[in-house]
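Chemist: The structure is given below, and queries will be raised subsequently.
Laboratory data are not the source of any read-out in this text; all were calculated from the coordinates shown. None of these values were measured; they are calculated from a predicted model. Please note: Cβ atoms are built from the backbone with ideal geometry, for glycine as well, and neighbour counts cover all protein chains shown.
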Amino acid sequence: MSKVGLRPEETMAKKPTDDVMTIDELANYLKVAKSSLYRLAQTGRMPGKKVGKHWRFHKGLIDRWLADGGDTNAKARAHRGDA
């Protein structure tokens with residue numbers, strides 16, 4: 001079948017979204033050592049989720065966390081209702 005008459009989204013493979021980052025991608029994005037990011041994530045001082053053995057980070061949440069000053073007490077403040 002010819003591609004004539006098809007919309008561009010029908011002829012191109014869909015690109016994966018960059019909304020979720022791996023620890024390597026996050027380290028590159030923030031220019032921070034992976035060991036520091038692991039420590040922040042494991043202690044709950046940075047927004048992230050562990051999926052099996054791997055950490056995943058939503059870019060929007062990381063950007064918001066940074067905008068808030070990278071507040072390492074954000075989790076505690078949110079729990080108290082101060083956020």
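Chemist: Could you please rank ARG39, ARG45, placing first whichever residue has the fewest other Cβ atoms within 10 Å of its Cβ?
Modeler: ARG39, ARG45
Chemist: For region 16-72, what is Rg from Cα atoms divided by 2.2 N^0.38 Å, rounded to two decimals? Spell out each step's value before the answer.
Modeler: On the way: Rg = 10.4 Å, N = 57, 2.2 N^0.38 = 10.2 Å.
So region 16-72 has a normalised radius of gyration of 1.02.
Chemist: Right, here's the next one. If each residue of separation counts as 0.36 nm, what is the full-extension length gain between ASP24 and HIS54 once their alpha-carbon separation is subtracted?
Modeler: Value of the extension gain: 9.7 nm.
Chemist: If you don't mind, another one. Please report MET46, MET21 as a ranked list, fewest other C-beta atoms within 10 angstrom at the top and most at the bottom.
Modeler: By the 10 Å Cβ count, ascending: MET21, MET46.
Chemist: How would you rank LEU37, LEU30, going from fewest to most other Cβ atoms within 10 Å of each one's own Cβ?
Modeler: LEU30, LEU37
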